[in-house]
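What follows is a single structure, written as structure tokens, with notes after it.
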Amino acid sequence: MAKTIGKDEGATAQARSFETVIGSGGETHQIAGADGEVLTTQQGVPVADDQNHLKVGERGPALLEDFHFREKIFHFDHERIPERVVHARGFGVHGSFTLTESLGDVTTAKILTEVGEKTPMFVRFSTVAGNKGSADLARDVRGFAMKFYTKEGNWDLVGNNIPVFFIQDAIKFPDLIHAAKQEPDRGFPQAQTAHDNFWDFISLTPESMHMVMWIMSDRTIPRSLRMIEGFGVHTFRLIDAKGKGTYVKFIWKPKLGLQSVLWNEAVKINGADPDFHRRDLWDAITMGTPPEWELGVQLFDDDFADAFDFDVLDATKLIPEEQIPVRIIGTFVLDRVVDNFFAETEQVAFCTQNVVPGIGFTNDPLLQGRNFSYLDTQLKRLGSPNFTHIPINAPHAPVANFQQDGHMAMRNPKGRANYEPNSWDGPRESPTTGYKHFAAEETGRKAQVRSPSFADHYSQARQFFISQTDIEQKHIGDALVFELSKVERVDIREAIVGHLRNIDGKLAQTVAAGLGLKALPKAAKAAVQTRTDLPASDALSIAKQAKHSFEGRKLGILVSDGADAAIVTALIDAVGKAKAVYEVITPKVAGATLDDGTLLEAKQKIDGGPSILYDAVALVLSADGAAMLSKDKTAKDFVADAFGHSKFIGYTADALPLIDRAGIAKEDMDEGLIALGGKPDVARFLKACGEARLWARELSTDLDAAAFLAPADA
Ligand code: HDD
């Protein structure tokens with residue numbers, strides 16, 4: 001019998017505890033076997049027939065008396081809860097945080113002081129603007145919300161993969177979100193900011209320009225949720241035993257490094273696999289390669305805050321890591337998928353106000369507003385003040401108080417006293433271990449004002465832009481041109497270019513040229529002149545932090561019948577050694593028979609496995625296979641896309657005709673195309689794949705690159 005390579009994932013048949021029988025009317029019933037579970041109503045009454053409504057005669061009217069039918073439909077009708085107003089599309093997983101360095105000098109929080117302590121956590125990743133059913137690779141901020149079930153109660157750190165925010169005051173949040181989501185008259189476009197309303201709002205809200213630089217960068221089209229950073233955004237406060245405060249910003253860094261896809265890829269991935277990110281995370285965890293992050297802090301005091309160039313309460317600003325290095329204090333691993341999506345991912349309720357003793361807030365006006373909004377929204381979404389009783393939200397720490405009743409009360413106090421103070425028994429306050437708010441001294445005039453210290457909207461936007469590599473800057477320019485080209489009103493396009501002029505002259509010129517504007521619009525009026533003395537910060541660039549490793553990435557191997565078995569085996573071995581994964585793609589899903597007679601199992605038929613789903617591809621084809629695939633549009637796209645997306649492509653000599661027919665001329669063959677003749681070539685190929693992309697290819701072949709790389713006009 002022929003040898004088989006590949007594993008049969010997902011083929012484990014579930015043990016069947018029922019038998020299927022045919023009823024008198026020809027319908028099938030699944031009847032519980034000897035030790036099988038019996039189907040019941042919500043009241044626990046066994047059900048005899050789950051196929052047919054109770055009716056009068058075989059063709060007669062239905063009867064209201066059928067309580068099983070009514071209960072089943074009633075429950076179905078009420079299955080949906082309101083989706084989140086923002087961050088509706090999300091994916092949650094479980095994990096744990098382990099502290100490696102104590103912050104005992106600045107906080108009493110046990111989770112931040114007990115080294116070695118493992119704290120269970122639940123993380124929900126999300127996009128912001130799209131509805132629940134939107135695609136994963138929308139250009140959007142990724143929400144990165146963490147719930148730590150600490151010994152002292154739940155701590156929620158509800159962050160994003162971007163360290164700054166669009167607005168400075170929470171009162172503008174509804175406007176920002178209304179502008180970003182689908183337009184109210186037509187109900188589209190969803191899950192994208194490439195439309196008039198969003199850019200109109202932005203053009204009138206210059207404080208958003210720093211964040212705009214981030215969202216137009218590759219940060220908003222991540223390759224994987226396993227490859228994004230996380231930020232608490234606001235300045236929070238740590239509080240020690242004496243009540244002394246220390247400012248803190250939280251940052252989490254992925255061990256796999258940062259990586260993004262290209263916009264052209266994102267657009268195609270959304271069609272090929274709208275669940276790309278959630279599937280990737282699910283696969284990584286269930287295959288035993290759980291993603292890990294380091295949790296870090298930037299700590300500072302009032303002296304630093306007073307001397308810092310910007311206001312530390314302004315959420316549109318960050319503190320460069322070069323100015324305050326990130327101190328790594330622990331790691332977290334996400335290693336368990338949910339048992340039930342609704343129960344956990346959908347019902348999880350994060351609230352920024354959920355802090356534990358030793359962790360507190362600052363006066364950041366965005367954070368203060370969030371502290372109201374999240375609790376309020378949970379009541380709407382989950383329908384009861386008892387949402388904390390739902391297992392995913394319930395603290396692992398003991399809970400005892402006199403709050404009672406309400407819809408769906410699951411945790412009901414026992415005993416006579418339901419008030420405090422009382423002369424009976426029950427929980428009491430603890431001045432020693434209880435939460436103490438930071439005793440800030442506050443004075444001031446009551447007024448609706450924006451502090452002048454929040455007025456510089458462009459300097460850090462510029463700092464972000466100049467911190468990027470050439471290719472990253474080009475992508476920002478491309479994204480702006482793409483988005484603004486979808487905006488119908490020319491005055492809005494021009495207004496944005498006017499803001500860009502305050503950030504970087506060349507960027508403004510490139511975008512203006514990309515939009516075909518006849519003249520460069522006037523620079524927007526700035527309350528504060530852009531500072532040009534802020535130095536570039538490498539930590540702001542994805543490329544400058546590259547890990548140069550293929551770990552956690554995926555190779556797509558396109559294989560035909562008669563392909564070289566030795567090369568396939570060498571590739572599979574090399575992928576394993578690189579701690580990466582592979583998928584075999586064949587013309588038919590049944591797999592391919594290699595030149596030594598081995599049957600290689602396939603994960604994808606070529607139509608279902610376009611090269612956009614992989615970080616790099618290898619073409620291991622026989623001469624016949626290449627000749628056949630050269631006539632196939634999908635196979636040609638596979639190669640053309642991989643090339644167009646600057647990916648590394650390994651190929652056996654017989655695959656050359658397909659490369660040629662995919663439109664890659666001999667003179668365009670660059671060092672990113674690697675001939676696979678034997679094991680050393682395979683090793684060289686895998687090493688190259690660790691670089692993720694051959695960016696030189698994009699800079700030399702892309703239409704917009706020449707304009708971008710040209711020197712700026714005076
Ligand atoms: Fe928010 C959800 C992150 C500003 C109001 N937000 C939500 C989620 C994340 C963030 C990750 C998803 C939580 C989950 O997975 O369930 N939001 C942020 C960040 C912000 C921010 C990093 C700025 C630094 N948010 C913000 C403001 C307001 C809100 C200023 C309102 C004043 N956010 C909400 C909300 C949501 C929410 C409407 C929707 C669903 C939910 O809370 O549970 O209350």
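With a simple spin-label model that places each label point 7 Å from the Cα along the Cα-to-Cβ direction, the separation between Ala675 and Glu71 comes to 7.2 nm.
Here the 3J(HN,Hα) profile of the range 443-449, calculated from phi with Karplus coefficients 6.51, -1.76 and 1.60 at θ = phi - 60°, is 9, x, 7, 6, 6, 8, 9 Hz, Gly and Pro shown as x.
Among DSSP beta bridges lying fully in the chain, give the percent that are antiparallel, nearest 5. Restricted to the chain, the bridges split so that about 75 percent are antiparallel. Computed over the range 30-79, relative contact order equals 24 percent, with contacts defined as Cα pairs under 8 Å that lie 6+ residues apart. Could you give the distance between the Cα centres of the range 250-274 and the range 84-151, to the whole Å? Answer, in whole Å: 18.
Taking the DSSP bridge list for the range 541-685 and keeping only pairs wholly inside it, about 10 percent are antiparallel.
Averaging the sequence gap over all C-alpha pairs within less than 8 Å and six or more residues apart, then dividing by the number of residues, gives the chain a relative contact order of 12 percent. Divided by 2.2 N^0.38 Å, where N counts the residues, the Cα radius of gyration of the range 259-348 comes to 1.58. In this structure, the amide hydrogen of Gly296, modeled 1.01 Å from its nitrogen in the peptide plane, lies closer than 5 angstrom to those of Ile251, Trp252, Lys253, Ile329, counting only residues at least 5 positions away or on a different chain. Using the Cβ-Cβ distance between Asp240 and Phe372 with R0 set to 30 Å, the FRET efficiency works out to roughly 0.65. From most to least packed by mean Cβ count within 10 Å, the peptides 62-75, 684-697, 594-607 give 684-697, 594-607, 62-75. Normalised size of the range 38-174, defined as Cα radius of gyration per 2.2 N^0.38 Å with N residues, equals 1.70. Using θ = phi - 60° in the Karplus curve 6.51 cos²θ - 1.76 cosθ + 1.60, the 3J(HN,Hα) couplings for the range 186-198 round to 9, x, 8, x, 9, 6, 7, 9, 7, 7, 4, 4, 4 Hz; x is entered for Gly and Pro.
Amide H contacts for Arg553 (H built 1.01 Å from N in the peptide plane; partners 5 or more residues away or on another chain; cut-off under 5 Å): Val581. Based on C-alpha pairs under 8 angstrom that are at least 6 apart in sequence, the range 461-543 has a relative contact order of 46 percent.
The sum of -39500 (n - 2.57) across all DSSP H runs of n ≥ 4, divided by the residue count of the chain, sets its helix-only mean residue ellipticity at 222 nm to -8000 deg cm²/dmol. Let me know the whole percent of all Cα-Cα pairs from the range 461-543 that are separated by more than 19 Å. Here the tail beyond 19 Å accounts for 38 percent of pairs.
Sorted into 20 angstrom bins from 0, the C-alpha pair distances of the chain split as 15, 43, 33, 9, 0 percent. In loop segments of the range 315-417 as defined by DSSP, the trypsin sites (Lys or Arg not before Pro) with at most 14 further C-beta atoms inside 10 Å of their C-beta are Arg411, Lys414, Arg416. Using the Cβ-Cβ distance between Asp538 and Thr433 with R0 set to 45 Å, the FRET efficiency works out to roughly 0.60.
Is the C-alpha gyration tensor of the range 159-292 telling us rounded, prolate or oblate? Criteria: a/c under 1.5 is rounded; beyond that, a/b larger than b/c is prolate, otherwise oblate. Judged from the Cα gyration tensor, the range 159-292 comes out oblate (a/c at least 1.5, b/c at or above a/b).
Roughly how compact is the range 330-454, stated as its Cα Rg over 2.2 N^0.38 Å to two decimals?
Ratio of Cα Rg to 2.2 N^0.38 Å: 1.36.
Shape class for the range 30-79: oblate, because the ratio a/c of the largest to smallest gyration tensor axis (alpha-carbon atoms, square roots of eigenvalues) is 1.5 or more and b/c is at least a/b.
The residue list Gln168, Gly230, Pro680 was ranked by how far each Cα lies along the charge dipole of the chain toward its positive end, using unit charges on Cβ atoms, and Gln168 comes out on top. Amide H contacts for Gly360 (H built 1.01 Å from N in the peptide plane; partners 5 or more residues away or on another chain; cut-off under 5 Å): Arg237, Leu238, Ile239.
The lysine pair count for the range 461-543, using Cα distances under 19 Å and pairs eight or more places apart or on different chains, is 6.
Considered as an equivalent ellipsoid built on the Cα gyration tensor, the range 548-691 has semi-axes of 19, 18, 14 Å, the largest given first.
Give, in nm to one decimal, the length gained when the segment between Val21 and Asp632 is fully stretched (0.36 nm per residue of separation minus the Cα-Cα distance).
215.4 nm
Backbone phi angles across the range 325-339, fed through the Karplus curve with coefficients 6.51, -1.76 and 1.60 (θ = phi - 60°), yield HN-Hα couplings of x, 7, 8, 7, 10, x, 10, 10, 10, 10, 10, 9, 7, 6, 7 Hz in residue order; Gly and Pro are listed as x.
Applying both filters, DSSP loop and at most 14 other Cβ atoms within 10 Å, to the chymotrypsin sites (Phe, Trp or Tyr not before Pro) of the range 182-268 eliminates every site.
Taking a label point 7 Å from the Cα of Arg327 along the Cα→Cβ vector, which residues of the range 238-257 have an amide N closer than 13 Å to it? 238-240, 246-250, by backbone N distance to the label point.
Read-outs: derived from the displayed coordinates by stated rules, not from any lab. This is a predicted model, so every value here is computed, not measured. Here Cβ is always computed from backbone atoms with ideal geometry, including for glycine, and neighbour counts include all displayed protein chains.
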